[in-house]
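The values are calculated or read from the model by the stated rules, or taken from the named source; none is laboratory data. Everything quoted here is computed from the prediction, not taken from an experiment. Because the Cβ atoms are built from the backbone with ideal geometry, glycine has one as well, and the counts that use them run over all protein chains shown. Ligands, DNA and RNA are excluded from the accessible area calculation, which covers all protein heavy atoms including side chains. Shrake-Rupley method; radii C 1.70, N 1.55, O 1.52, S 1.80 Å.
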Amino acid sequence: MNEKVAHWNAVYDARQEEQLTWYENQPTLSYQLVISYLKLGQSFIDVGGGASKLTSILHAAGYGPLAVLDISSVVLEAGKERLGGVAGDVEWIAADVTKWTPESTYQVWHDRAVFHFLTNEQDQKAYIDALVKSVPVGGIAIISTFAEDGPEKCSGLPVQRYSSQSLNEKLEALAPGVFEQIATQEHTHITPKKNQQKFQTSVFKRVA
């Protein structure tokens, strides 16, 4: 088990789901964004989504095929337990996105808080390479990160904070001409301890 996998397994082993800083009882913003771009029958992947209820809600609403990728097998097992008898309807992928080779394509890619943990360009490029291989022309990538006035660290790790402009510039630098930023918004997440975390969310369409 490598160091990153061990770190995230330990994070999820140490606390109940409701105590995680990124916990959402209802992932309302993510759900609204996803269904704005995802049609019934189109494929969807939630990157880093093992602890999220998003896939459960999408499944209940009739969307699919659905996939969840997470570096932590511990949290993926928790996700499977949440879905219970219909967990087999979802593809569960235990992988580090920076070392992952996609075997399918997805009309919508959703990442609520993975990319901002990638603080060196090698990992950022590997993530974007996986994104390009996963999302076909016309597909959508929804990427949320800590905003420029968001936290500097999370779960004991440093993060790279972004504005919508700087995230757009990052994607353009690592995959020139491939994605067009079509929507952005800023929002504040309230943690279980009632702390505020500032986020930006950008929607990109693959155009080449």
Item to check | Single unsatisfied condition, E103 versus (1) buried (at least 16 other Cβ atoms within 10 Å of the Cβ); (2) out of contact with any His (no Cβ under 7 Å at 6 or more places or on another chain); (3) part of a loop (DSSP other than H, G, I, E, B) | outcome: (1)
Checklist entry - Given the conditions (1) open to solvent by less than 70 Å² (accessible area, probe 1.4 Å); (2) in contact with a Pro (Cβ under 9 Å, 6 or more places away or on another chain), which single one is not true for A147? => result (2)
Item to check | When residues of region 107-127 are limited to those that are touching a residue at least 24 places away in the same chain (Cβ under 8 Å) and assigned to a loop (DSSP other than H, G, I, E, B), the one least open to solvent (accessible area, probe 1.4 Å) | outcome: L118
Next on the checklist: If I go through region 151-169 residue by residue, how many of them are under 15 Å from A113 (Cβ atoms) and open to solvent by 10 Å² or more (accessible area, probe 1.4 Å)?
Outcome noted: 11
Checklist entry - Name the pairs whose Cβ atoms lie under 8 Å apart, with the first residue in region 37-50 and under 9 Å from Y63 (Cβ atoms) and open to solvent by 40 Å² or more (accessible area, probe 1.4 Å), the second at pLDDT below 95 and assigned to a strand (DSSP E or B), and 6 or more positions between them or separate chains? => result none
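Report yes if some residue within region 80-88 is aliphatic (A, V, I, L, M) and open to solvent by 40 Å² or more (accessible area, probe 1.4 Å); otherwise report no. Walk me through how you get there before you give the answer.
Step one: list which residues in region 80-88 are aliphatic (A, V, I, L, M), which gives 83, 86-87.
Applying the additional criterion that residues be open to solvent by 40 Å² or more (accessible area, probe 1.4 Å) yields 86.
Scanning region 80-88, I find at least one residue that is aliphatic (A, V, I, L, M) and open to solvent by 40 Å² or more (accessible area, probe 1.4 Å), so the answer is yes.
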Checklist outcome for this item: Scanning region 170-196 for residues that are open to solvent by less than 20 Å² (accessible area, probe 1.4 Å) and modelled with pLDDT under 95, the one farthest from the chain's Cα centre (by Cα) turns out to be T191
